[in-house]
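Below is one structure, written out as structure tokens, with a few remarks after it.
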Amino acid sequence: MLIWMLRHVMAERGIWTGAELARLLKTKAGYQLSAPSISALLNEQPKQMKAETLDALCTALACTPNDLWSHTPTQRKGA
């Protein structure tokens, strides 16, 4: 199972709102996301993500994709 850790990474960096994240994306990564897109990233686990968006998040937050996702192997029944 993958767990989306964006809010955790943001909190570690003292970033508390979507507006702060949007400004950081624009200034540090030159990347712009709409308010609804940022809201979706903050409030639900993405089902898919453009590599470009992931790259911008990592650049803006000075992190790696491994910081944004936590993986726990899924237990299969009968295995």
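The values are calculated or read from the model by the stated rules, or taken from the named source; none is laboratory data. Quantities reported herein were computed from a predicted structural model and do not represent experimental measurements. Cβ coordinates were reconstructed from backbone atoms using ideal geometry, including for glycine residues, and neighbour counts include every protein chain displayed.
From the list 68, 41, which one is surrounded by 15 or more Cβ atoms within 10 Å (Cβ to Cβ) and free of Cβ contacts under 8 Å to residues at least 60 places away in the same chain?
41
Return the total of residues in segment 25-54 being closer than 19 Å to residue 11 by Cα and among the charged types (D, E, K, R).
Residues in segment 25-54 being closer than 19 Å to residue 11 by Cα and among the charged types (D, E, K, R): 3 in total.
Residue-wise test of (1) among the basic types (Lys, Arg); (2) part of a loop (DSSP other than H, G, I, E, B); (3) modelled with pLDDT of 95 or more.
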residue	(1), (2), (3)
11	no, no, yes
16	no, yes, yes
21	no, no, yes
25	no, no, yes
32	no, yes, yes
58	no, no, yes
63	no, yes, yes
78	no, yes, no
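What number of residues within segment 65-76 are in a loop (DSSP other than H, G, I, E, B) and either of a type outside the set (S, T, N, Q) or at pLDDT 95 or above (or both)?
The number of residues fulfilling the criteria is 2.
Could you list, in sequence order, all residues of segment 1-35 that are surrounded by 17 or more Cβ atoms within 10 Å (Cβ to Cβ), farther than 30 Å from residue 76 by Cα and among the aliphatic types (A, V, I, L, M)?
Hits for segment 1-35 are 10, 15, 21, 22, 24, 25, 29, 33.
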